[in-house]
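As structure tokens, the structure follows; a few thoughts come after it.
The values are calculated or read from the model by the stated rules, or taken from the named source; none is laboratory data. This is a predicted model, so every value here is computed, not measured. For neighbour counting, all protein chains shown are included, and Cβ atoms are generated from backbone atoms with ideal geometry for every residue, glycine included. To get the accessible areas, we keep the full protein, side chains included, count just its heavy atoms, and leave off ligands, DNA and RNA. Shrake-Rupley method; radii C 1.70, N 1.55, O 1.52, S 1.80 Å.
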Amino acid sequence: MAVDGIPKEVERIASDIRDMRVRGAGRIARAGALALRISAEKYSGDSLEDFKRYMKSVADYIVRTRPTAVSLPNAVSYVISPLFRLNVAQSVEEAKKVVVERANSFIAYSERAVEAIAEIGSRLLHDGEVVLTHCNSQAVVSIISEAFRQGKRVKVIATETRPLFQGYITAKMLADKGVEVTIIPDSAVRSIIKDVDKVIVGADTVTANGAVVNKIGTSLIALIARERGADFYVATETYKFSPYTVWGEPVVIEERSPAEVLPGTLLAENPRLKVLNPSFDVTPSSLVTAIITEIGVIPPQASFLVLEEMYSREAVHDTVRGVEEDV
Ligand code: RI2
């Protein structure tokens, strides 16, 4: 549902996220920050309270587009929470400035974080190794690209990633840079794992106990990697760690349309058929070798410490409650 007075550009960003024309946890976070900036810039009223109410409804509207990747609410909270928690602005002009600056700084941080992950993660890859990845993660592609740029001849196996085949995007991105890539059906992972040195996947959310929420099928791949003794790495920016899980909030797993799994004609012909289409699954920390972040390679068990450092106990509480209650 749209918000009164919401700019057309922001409606378009929201529908691009919802329909996955903009996808990937990092990209949707940056798109969310951009949507808030545009909303602030286009606001024409002069009441600070109205502006705050308006920004809060835009924030809710953006966050509701997709429920699983915590990068989106974390980005939104980073951009607008100073208006509510710290009461930093005394006028609409000041408040707009805060939103624009915070959005710009989030986007710049996010882009730098991917570069740092590429640099750090590339040190884990060696010449001639075979890396398997699942879905399409900018963080993972940047690591492999950086290793390749350094002259390491890594080979990549990309799962096709049904039902939306994002593995093709990964394969194309890497092949265009000259990396040797092979696409396999998702169900072939156990058959080829003997040829794989390392698995690296992205993340949509990392919980306080180090579990990783990522594209459906990730946890099966982690199990297979464990069975074979292959390292299973997760590459993620720290803003995909979820402060909400510290307070026991479950991660909502997005359920997408049956039409992504079966064509509409088959669904119409078989009205008694049920289709389930969960978009993500949860890999427990016990199956994760390490998490590659912009602040370093950490054991998954250190996730709570990352959250504590990022938000501090009080701020984590504010992130969960502050924005909702102050408006
Ligand atoms: P980056 C994607 O979700 C995939 O699950 C991917 O592993 C994760 O986001 C992280 O991607 P979707 O939006 O942020 O395709 O590393 O459902 O690009």
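Just the protein heavy atoms count here, and of the accessible area of the chain at 1.4 Å, carbon and sulfur take up 53 percent. Once the Cβ-Cβ distance of Arg149 and Leu220 is raised to the sixth power relative to R0 = 22 Å, the FRET efficiency obtained is 0.10.
Computed from point charges on the beta carbon alone (+1 for Lys and Arg, -1 for Asp and Glu), the dipole magnitude for the chain about its Cα centre is near 740 Debye. Count Lys and Arg as plus one, Asp and Glu as minus one, and take only other residues whose Cβ is under 15 Å from that of Phe280; the net charge is then 0. Note that segment 1-90 presents 42 Å² accessible area per residue, ligands and nucleic acids not counted, probe 1.4 Å. Between their Cα atoms, which of Lys155/Lys240; Lys42/Lys172; Lys194/Lys274; Lys177/Lys274; Lys155/Lys215 are more than 30 Å away from each other? In this structure, Lys42/Lys172; Lys194/Lys274; Lys177/Lys274 lie more than 30 Å apart at Cα.
Protection proxy ranking, highest mean first, for peptides 125-137, 80-92: 125-137, 80-92, where packing is the per-residue count of other beta-carbon atoms within 10 Å, averaged. One chain, two ends: Val297 and Val275. Fully extended at 0.36 nm per residue, the span grows by 4.1 nm beyond their Cα-Cα distance. Compared with the dominant Cα axis of the chain, that is its longest principal axis, helix 218-228 is turned about 30°. Note on Lys198: aspartates and glutamates with a C-alpha under 15 Å away, same-chain residues under 8 apart excluded, are Asp127, Glu129, Glu227, Asp231.
On the beta carbon distance between Ala108 and Val88, with R0 = 25 Å, the FRET formula returns roughly 0.80. Is segment 129-212 rounded, prolate or oblate when judged by the Cα gyration tensor, a ≥ b ≥ c being the square roots of its eigenvalues, rounded requiring a/c under 1.5 and prolate requiring a/b larger than b/c? Judged from the Cα gyration tensor, segment 129-212 comes out rounded (a/c under 1.5). Considering only alpha-carbon pairs that sit under 8 angstrom and 6 or more positions apart, the relative contact order computed for segment 70-198 is 20 percent. For segment 84-101, backbone phi angles converted through the Karplus equation (6.51, -1.76, 1.60; θ = phi - 60°) give residue-by-residue couplings of 9, 6, 9, 6, 6, 10, 9, 8, 4, 4, 5, 5, 4, 4, 4, 4, 4, 5 Hz, Gly and Pro being listed as x.
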